[in-house]
Each structure stands twice: as C-alpha cells, then as structure tokens.
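Shown next, in structure tokens, is the structure this report addresses.
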Amino acid sequence: MKAVAIYVGGSTKTSTIEGISIAGSNSQDTLYTPTLDLEYVINGIPITKKEIPVTPNGLPTPAVITRSILKKLNIQYFVVDSGLYYKLKVPHIKIPSSIPGENIYSSNAFPYGTAKNIFEESKLLGEIISSKQDIVLIGESIPGGTTTAAAIMEALGYNALKFISSASPKNPRDLKEKVISNALKRIDPNDNVFSIIDKVGDPVHISMAGIAAGSLKNSSKILLAGGTQMGAVVSILSKLNYLDNRIKIATTSWIAKDKESNIFKLIEQIDKRIEIIVSDINFSDAKYEGLKLYEEGYVKEGVGAGGTMILSKYLGLSVYEIKNSIYEEYERLRSLG
C-alpha cells in the first residue's frame, strides 16, 4: 500500500482575537504557530523561532505526534504553505495565490477571487501529488481554524456552531458566536462557495478541499486528518459537487469523546456517507504530564495527528510502536529544553 501525507498550514488573523485560540503561548503568537509546526515536522526543530509551539499552560503542539510517527513510516510527506503569516524556512510547497486570512469579525478574509484561485491551484497539486498513491492524507495547522470553519459551514447553510470543537477544554462558544454572527452579516444571498470563503473563510480549508478534489482523480482513499474543522472541508466539497465516499475523516479519540463538540452530528448533516475513523491511541498511561493533558481535553487534534496515527496502523505499526515513538520524541524535546 502506497501513501503520501500532506500537511497544510495557514494563518487567519481571527486567531489574534483574545480568547479565541490557545494554539500559541499568547494570541499574537498564534500567527507563528503553523509556521513553527511545519518547520518542526520537517526539521525536528523550528527555525523561524527556535521554540516548539505550546499552549499558554505549556502543552506542546500535536505536531509532536505527527513527526514521531512519520520518522517510523516509509512514506513521502510534504508541507504546504497555503497562506502563512510567517514564511517557512524549510523546503515546502507554496500555493501561488495563497495569502493569510484577515480577521473575519471585522473584515473580509480575502480580496474577491482569492478563494477560487487557491482551490484551483490546490486541486492541481492534488492531481500531481496523488499519482500512483493508494492513500492521500491531508492534515492542517491553522490557529483560529475552528472559528473560521464554523463560519464557512454556517454560511453554507449548516448548523455548525454548537458542534464545533476547541483546543481548550472549555470551548469559548459565546466568543465564537459573536465573531461568526458579525462575519455572517456580510453574506449575500447571491454569494457562491468561493465568495463566501472570500468573506468569512481562511486559506487552509479551501486549500485542503482543492487537494482532496484533485486527489480523487487518482487515489482510492483520502483521509482528511483533523477534527471538527474537517466539516468545513467536507461542506465545501459537497457544495462544489466533489464529495465522494472515498473521502474519509480521520481523527483522535479526544475529538470523538469531546463533550464540548460533536463531530458525528456535524458531519452527518452534510453527508451521511462520510465515514469518521477514530484513532484508539490515548495517553492515559504516559509518564509525561504534558501528554496526559490530552486526556483532560486540551488541544485534542491538529497537524494531522489523528490521521497520521490511523495511517500508521494501516501501514503496519502496532499501538505499542506508535506510542513508544511519541514518547521517545517527547523525551527528545524535553532534553532540548
């Protein structure tokens, strides 16, 4: 079985709204997070800032899970700049029209026409990169992404806000609702999918949708590696008539059991054919307090962590090998300080 993994990073200034995201040590650092995540996946240590992205209470990025497993797998993997605020200093793929998204509370995400260009360019990338692959995994890193994802889904006619997750154990739903309600005031009944994303979206979800649409030309299975944000990708694909039962969502047990969200009801209203595959990996036996915080509802998912764990089992790794590789990588980072 041949597989390729693609990790898409981008920024939305929505993440800088105080309290909307804990995917960074503070709200302004959330603009660094996806760049540092992808540099770490490739290089083993970020370059733009020589620090691992952490939450305000010190919990490290789920990219730790992703990188530790990729080191064990004999597959190709790539990182994609779909609109990063801080540019990557590692080899990567750049979507030509991609730019960071603006704060959707106060302005449109993009100039008109940007989302369509990102989709078409990403679709071409998907066609190229999926050639001769059985599985294409597509993961994401975008702080503030659950908010923009919910805005996309609500604007496309779905009930998303009450089902969307958060990196925090306590979902800041009231704040998200305030942001999304203000953003949706700019939606016009004549808006199509692309103009909706130009107004209330972000660069990552439209790029992931494009890569998935292009990959359908070649691959037998496409894993959207992420949590409730994948509802935005699925809803875009559905409205553009690209949705196919070869597209599956692969996520963590922490998302599946999250009482503050419901990925199953979220996806069911978009298309009941879409299978949600849940990793059985947990850190209840970890000796590291930082990893045990996942069991308390922190972070839950990101940088394709759940999908990468699921893919590794498809490719023959045991639960012991997966967890041992994560613990070894976590120990390596501790040794670096």
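The figures follow:
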item	result
Lone qualifier among 294, 298 - being within 22 Å of residue 53 (Cβ to Cβ), open to solvent by 20 Å² or more (accessible area, probe 1.4 Å) and touching a residue at least 12 places away in the same chain (Cβ under 8 Å)	298
In segment 185-210, the residues that are open to solvent by 50 Å² or more (accessible area, probe 1.4 Å) and either in a helix (DSSP H, G or I) or within 29 Å of residue 96 (Cα to Cα) (or both)	186, 188, 190, 192
Among (1) open to solvent by 10 Å² or more (accessible area, probe 1.4 Å); (2) of a type outside the set (Asp, Glu); (3) farther than 24 Å from residue 273 by Cβ, the one test that residue 141 misses	(1)
Some residue of segment 268-275 being among the charged types (D, E, K, R), open to solvent by less than 20 Å² (accessible area, probe 1.4 Å), within 23 Å of residue 209 (Cα to Cα) and in a loop (DSSP other than H, G, I, E, B)	no
Qualifying residue in segment 237-247 (condition: of a type in the set (A, V, I, L, M, F, W, C), in contact (Cβ under 8 Å) with a residue 60 or more places away in the chain and either touching a Ser or Thr at 6+ places or on another chain (Cβ under 8 Å) or buried (at least 20 other Cβ atoms within 10 Å of the Cβ) (or both))	no
Residue 44 buried (at least 21 other Cβ atoms within 10 Å of the Cβ) and on the phi > 0 side of the Ramachandran plot	no
Residues being in contact with a Ser or Thr (Cβ under 9 Å, 6 or more places away or on another chain), open to solvent by 30 Å² or more (accessible area, probe 1.4 Å) and part of a loop (DSSP other than H, G, I, E, B) - total across segment 53-76	4
Unique residue being in contact (Cβ under 8 Å) with a residue 12 or more places away in the chain, assigned to a loop (DSSP other than H, G, I, E, B) and hydrophobic (A, V, I, L, M, F, W, C) when the list is 180, 128, 99	99
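The values are calculated or read from the model by the stated rules, or taken from the named source; none is laboratory data. Please read these numbers as outputs of a predicted model, since none were measured by experiment. Counting neighbours? That spans all protein chains shown, and the Cβs are built from the backbone with ideal geometry, glycine included. Areas reflect the complete protein model, heavy atoms only, side chains present, ligands, DNA and RNA absent. Shrake-Rupley method; radii C 1.70, N 1.55, O 1.52, S 1.80 Å.
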